[in-house]
1. Can you confirm whether the range 59-70 contains a residue that is in contact (Cβ under 8 Å) with a residue 12 or more places away in the chain, in contact with a strand residue (DSSP E or B) (Cβ under 8 Å, 6 or more places away or on another chain) and not assigned by TED's automatic domain parsing to the domain that holds residue 180?
2. Taking the conditions exactly as written (assigned to a loop (DSSP other than H, G, I, E, B) and surrounded by fewer than 19 Cβ atoms within 10 Å (Cβ to Cβ)), does residue 89 satisfy them or not?
3. Can you tell me which residue in the range 131-162 is modelled with the lowest pLDDT, limited to those that are surrounded by fewer than 19 Cβ atoms within 10 Å (Cβ to Cβ) and of a type in the set (Gly, Ala, Ser)?
4. Of everything in the range 50-63, what is part of a helix (DSSP H, G or I) and surrounded by fewer than 19 Cβ atoms within 10 Å (Cβ to Cβ)? Give them in sequence order.
5. Evaluate the range 60-67: report whether one residue or more is in contact with a helix residue (DSSP H, G or I) (Cβ under 8 Å, 6 or more places away or on another chain), within 24 Å of residue 37 (Cα to Cα) and modelled with pLDDT of 90 or more.
6. If I go through the range 92-114 residue by residue, how many of them are part of a loop (DSSP other than H, G, I, E, B), within 22 Å of the chain's Cα centre (by Cα) and either surrounded by fewer than 19 Cβ atoms within 10 Å (Cβ to Cβ) or modelled with pLDDT of 80 or more (or both)?
Amino acid sequence: MRWRSCLWDAAQRRAGCGRVTAHAAREVFAQLRASHRAGTWVPAFGQDWARALEDSRRSYSLTPLQDVVRSWQARLTAALSVEAFLALGRDDSDGVDLADALADAGEDMPWPARLSPGSLATLRVLPEHACEMFRDVLDIAGRDPWSFPAYFDSRNPEGEDVRSASVGQLTAVYCINRLAGRLYVLDIVWLG
């Protein structure tokens with residue numbers, strides 16, 4: 001058992017990012033505790049972190065821990081956009097069709113997507129490979145909007161249709177507009 005701990009410590013030193021992950025996790029945890037959603041988000045982060053820690057111990061990789069930190073950083077970054085959208089009554093009339101923003105995007109999706117002005121501005125400054133990732137993520141979401149996890153607690157009716165689609169360093173937070181039959185991208189977070 002002792003050798004496993006030594007291997008874990010050696011893997012962290014070799015990767016050079018054990019402290020970065022712990023520091024980033026502390027920062028995320030502090031931001032979560034300061035959030036008005038601390039009652040639900042702090043325990044959820046704790047569960048995600050514990051699961052990732054166990055996965056990391058089994059695999060001798062820091063990737064699961066970094067994924068948890070990255071996903072919660074994205075969630076915190078997008079929180080203001082989501083809160084504003086919900087406070088304004090889920091109005092997506094200011095959106096721009098995805099097909100107008102990206103060439104060859106969204107023509108055959110059962111759930112077409114619209115971009116909020118903020119997400120459109122973010123999309124315009126993303127590197128080309130991140131735009132392609134975004135297009136692919138929305139292609140998946142447009143075929144099955146509920147395939148990605150709920151942004152809030154899925155039992156919360158306020159946020160049941162707000163979803164967070166993460167692939168690597170890219171996160172797209174979108175709302176499913178059931179009445180209009182479309183997705184509305186609230187925010188794009190690129191942690192690259």
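The values are calculated or read from the model by the stated rules, or taken from the named source; none is laboratory data. These numbers come from a predicted model, not from an experiment. All Cβ positions, glycine included, derive from the backbone under ideal geometry; neighbour counts span all protein chains shown.
1. Looking through the range 59-70, at least one residue is in contact (Cβ under 8 Å) with a residue 12 or more places away in the chain, in contact with a strand residue (DSSP E or B) (Cβ under 8 Å, 6 or more places away or on another chain) and not assigned by TED's automatic domain parsing to the domain that holds residue 180.
2. yes
3. By that ranking, first place goes to 154.
4. Of everything in the range 50-63, those that are part of a helix (DSSP H, G or I) and surrounded by fewer than 19 Cβ atoms within 10 Å (Cβ to Cβ) turn out to be 50, 51, 53, 54, 55, 57, 58, 59, 63.
5. No: zero hits.
6. 5
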